[in-house]
Amino acid sequence: HGQIAGSATVDAAGEVYHAYRWSKASGMVDLNPPGSGRSFGNAINNRGWVAGAVATAPGRSPLHAFRWTPASGVVDLGSFGNASSANALNEAGTVVGYSEGPELGILGRAFRWTEAGGLQSLVSISSVASEGLDINEAGKIVGSASFDTSLSDQAFLWTPGGGLQEIGTEPSYLAFAQRINEKGLVTGQYYSAPVDPNGFIWSRDSGLQLIGTPGTDTSNTGDVNKLGQVVGSLNGRAFAWTRTAGVVDLNTRIPGAPPELELWQAQAVSDNGSIAAVGN
């Protein structure tokens, strides 16, 4: 609907951020609740509801995940003991993110929040670090989790019926799932070594597919839409991917482009196939 959520500074020093929602009709609306020192708007759904993180008191107090609606305002979603933050929400208003807990050595636990059930951990407390990064309308959640002291995160898919499952990224050095569409197509990042990233695409039917060759190519996946179009960057050039066409260099798809134009990174793709990209 053309609504935007984000964060903006409100002080002369540029250090204090307030969450906002913007629309063409309303302009920028400050969502920071009275008595809170700062807040961040991280996600918005098609109902105009916003999720993010808000300070529990003035000053440098811990941040808690929140959900904002026009009817309820900012609702503190709580935490497992310390700070928390929301990363995404779907049309039903289910929120996902991570929360630091009171357990020694636990850096964070992926959570799912619903009005009926409140804050629910998606992993056992044996996970050293985990985070929920996206959720689709069926309530399927993707993110990353580590289950040993090496902090080697692996991509996961969580479903209401099946719980948590890894999605074939082991034995990577590091992997995390960032996006999931309504068909269950998942995109994310796969590191074969600390400085060797490759974007990946995963589905239950086709398994894991890497963009490029580990150790040779560098790539990432920026977004996926409901049609299964994936966008990102491969060796510094923006691409679009579909199951039928594979990887297509977007620089070859710009009619009348000047010779010096180069698109480096495709950031987002809408459900009608419009792509936002960064270039020179």
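The values are calculated or read from the model by the stated rules, or taken from the named source; none is laboratory data. Model, not experiment: these values are computed from the prediction. Heads up, the Cβs are rebuilt from the backbone with ideal geometry, glycines too, and the neighbour counts pull from every protein chain shown. For the accessible areas, the whole protein counts, side chains as well, though only heavy atoms, and no ligand, DNA or RNA atoms are used. Shrake-Rupley method; radii C 1.70, N 1.55, O 1.52, S 1.80 Å.
The criterion of being touching a Ser or Thr at 6+ places or on another chain (Cβ under 7 Å), among the aliphatic types (A, V, I, L, M) and crowded, with 24+ Cβ neighbours inside 10 Å holds for residue 110. Quick check on my filter: what residues within region 39-74 are open to solvent by less than 30 Å² (accessible area, probe 1.4 Å) and among the basic types (Lys, Arg)? Residue satisfying the conditions is 67 alone. Every condition in (1) within 23 Å of the chain's Cα centre (by Cα); (2) over 19 Å from residue 63 (Cβ atoms) holds for residue 31 except the one numbered (2). Apart from one condition, residue 179 fits all of (1) over 15 Å from the mean Cα position of the chain (by Cα); (2) open to solvent by 60 Å² or more (accessible area, probe 1.4 Å); the exception is (1).
If you go through region 108-155 one residue at a time, how many are part of a strand (DSSP E or B) and in contact (Cβ under 8 Å) with a residue 24 or more places away in the chain? Matching residues across region 108-155 total 21. Screening the candidates 157, 133 for the property of being open to solvent by 30 Å² or more (accessible area, probe 1.4 Å) and either under 20 Å from residue 45 (Cα atoms) or within 19 Å of the chain's Cα centre (by Cα) (or both) yields one hit, 133. Checking each residue in region 161-170 for being of a type outside the set (A, V, I, L, M), open to solvent by 20 Å² or more (accessible area, probe 1.4 Å) and touching a strand residue (DSSP E or B) at 6+ places or on another chain (Cβ under 9 Å) picks out 165, 166, 168, 170.
Under the condition of being open to solvent by 20 Å² or more (accessible area, probe 1.4 Å) and under 19 Å from the mean Cα position of the chain (by Cα), the residues counted in region 223-235 number 4. Selection of region 214-245 for residues being within 25 Å of residue 170 (Cβ to Cβ) and out of contact with any strand residue (DSSP E or B) (no Cβ under 8 Å at 6 or more places or on another chain) yields 216, 243.
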